[in-house]
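Heads up, the thing below is written out as structure tokens.
The values are calculated or read from the model by the stated rules, or taken from the named source; none is laboratory data. Note that the structure is a prediction, hence the values are computed from the model and not measured. So basically every Cβ, Gly included, is an ideal-geometry build from the backbone, and we count neighbours across all protein chains shown. These accessible areas exclude ligands, DNA and RNA; they are computed on the full protein's heavy atoms, side chains included. Shrake-Rupley method; radii C 1.70, N 1.55, O 1.52, S 1.80 Å.
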Amino acid sequence: MSANESPAGRQPTATYDSAFLKACRREPVPHTPVWFMRQAGRSLPEYRKVREGIPMLESCMRPELVTEITLQPVRRHGVDAAIFFSDIVVPLKAIGIDLDIKPGVGPVVEQPVRTRADLARLRDLTPEDVSYVTEAIGLLTRELGSTPLIGFAGAPFTLASYLVEGGPSRTYENAKAMMHGDPQLWADLLDRLAEITAAFLKVQIEAGASAIQLFDSWVGALAPADYRRSVMPASAKVFEAVAGYGVPRIHFGVGTGELLRLMGEAGADVVGVDWRVPLDEAARRVGPGKALQGNLDPTVLFSTQEAVETKTREVLDAAAGLEGHVFNLGHGVMPSTDPDALTRLVDYVHTRTAR
């Protein structure tokens, strides 16, 4: 494969030789690439200004606004990749599920999915349902040039958790009750969500996203045996559905130290690691053939610059022997984070890892 030829028949792109995509492909990089989960969001005053008075879900459906918000951290921080501004429940809203994102609470579903009859409400997602996504990504890729855009979606388990619980949960008692008590209904629910999720990711890739990340935010609530039996097949279906596009596939969850190998086996090219497991140990658990992403504790950014640099060096040292490493936080940027701390962190990682 030549340097300007992209895999799996995709056309050569301006982003193919970026540090971010090289790291995802486990190729040599000029510096360790950096981006942050939730980099486009509440930590930025310019974000709060453009979002003022606009509900979250509505803001995800305005292409010009999505473009501006997605670009803000690229301009401010100099990160190596943008992540598409959206929300994991957008595809559910797009197919007609009655839900809203309530400030201070999160996604709330008016009628939870609890019975087989409820599955009928989960119809197929078409590109026309999310035409605003296609439009926004078209605008973004023209603006971003050689900076890659990461598309994303919520994984079937995390979406199912919201649908079955009716909103955020700490115990997932209703979801787990269905998973154990009616395993066929659970499997059918996750399979439908896998199809919806795959369709949502395909729209983003075909519009120009250079990589995708599957957020299984809440899957750390499961034991490995339950994950392998009751969740992994659906996640694998999503990854397999987009494999032919040749874009890197990232898989991330919180509290997933015991699941890292399985999350890689589900089909990820890059496994995201939260701050609880050092990257050298995470590499041992994941096994060869995968890049890793992570994993500075987001709360470290509230400390002194000296402390941030010390903890960042620990992450970089643990990553020194990895086949590929994308620097990130171990979870999303917290809303009260000082944006300047993020800018300094990007500069520090770039400078310290310059080859």
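Things to note:
- Tally, over the range 44-77, of residues that are touching an Asp or Glu at 6+ places or on another chain (Cβ under 8 Å) and open to solvent by less than 40 Å² (accessible area, probe 1.4 Å): 7
- Filtered by the rule that a residue be touching a helix residue (DSSP H, G or I) at 6+ places or on another chain (Cβ under 8 Å) and within 25 Å of residue 97 (Cβ to Cβ), the range 45-60 gives 51, 54, 57, 59, 60.
- Test: residue in the range 310-319 that is under 20 Å from the mean Cα position of the chain (by Cα), closer than 25 Å to residue 151 by Cα and assigned to a loop (DSSP other than H, G, I, E, B): no
- Residue in the range 325-337 that is open to solvent by 70 Å² or more (accessible area, probe 1.4 Å), in contact (Cβ under 8 Å) with a residue 24 or more places away in the chain and more than 18 Å from residue 40 (Cα to Cα) present: no
- Qualifying positions in the range 289-309 - open to solvent by less than 20 Å² (accessible area, probe 1.4 Å) and either outside any helix (DSSP H, G or I) or aromatic (Phe, Trp, Tyr) (or both): 291, 292, 293, 294, 295, 296
- Each residue in the range 199-233 was checked for being part of a loop (DSSP other than H, G, I, E, B) and either of a type in the set (Gly, Ala, Ser) or more than 20 Å from residue 122 (Cα to Cα) (or both), and 7 of them qualify.
- Single residue of the range 137-195 satisfying the filter (closer than 22 Å to residue 268 by Cα and acidic (Asp, Glu)) that is surrounded by the most Cβ atoms within 10 Å (Cβ to Cβ): 195
Residues checked against (1) over 29 Å from residue 171 (Cα atoms); (2) touching a strand residue (DSSP E or B) at 6+ places or on another chain (Cβ under 6 Å); (3) small (Gly, Ala, Ser):
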| residue | (1), (2), (3) |
| --- | --- |
| 264 | no, yes, yes |
| 292 | no, yes, no |
| 306 | yes, no, no |
| 310 | yes, no, no |
| 330 | no, yes, yes |
| 340 | yes, no, no |
| 346 | yes, yes, no |
| 349 | yes, yes, no |
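- Being open to solvent by less than 10 Å² (accessible area, probe 1.4 Å), part of a helix (DSSP H, G or I), among the hydroxyl-bearing types (Ser, Thr, Tyr) and modelled with pLDDT of 95 or more is a description that does not apply to residue 351.
- Among the residues making up the range 217-234, those that are in contact with a Leu (Cβ under 9 Å, 6 or more places away or on another chain) and surrounded by 24 or more Cβ atoms within 10 Å (Cβ to Cβ) are 219, 222, 231, 234.
- Residue that is least open to solvent (accessible area, probe 1.4 Å) [pool: residues in the range 111-123 that are assigned to a loop (DSSP other than H, G, I, E, B) and in contact with an Asp or Glu (Cβ under 7 Å, 6 or more places away or on another chain)]: 112
- Residue 96 being open to solvent by 70 Å² or more (accessible area, probe 1.4 Å) and over 21 Å from residue 15 (Cα atoms): no
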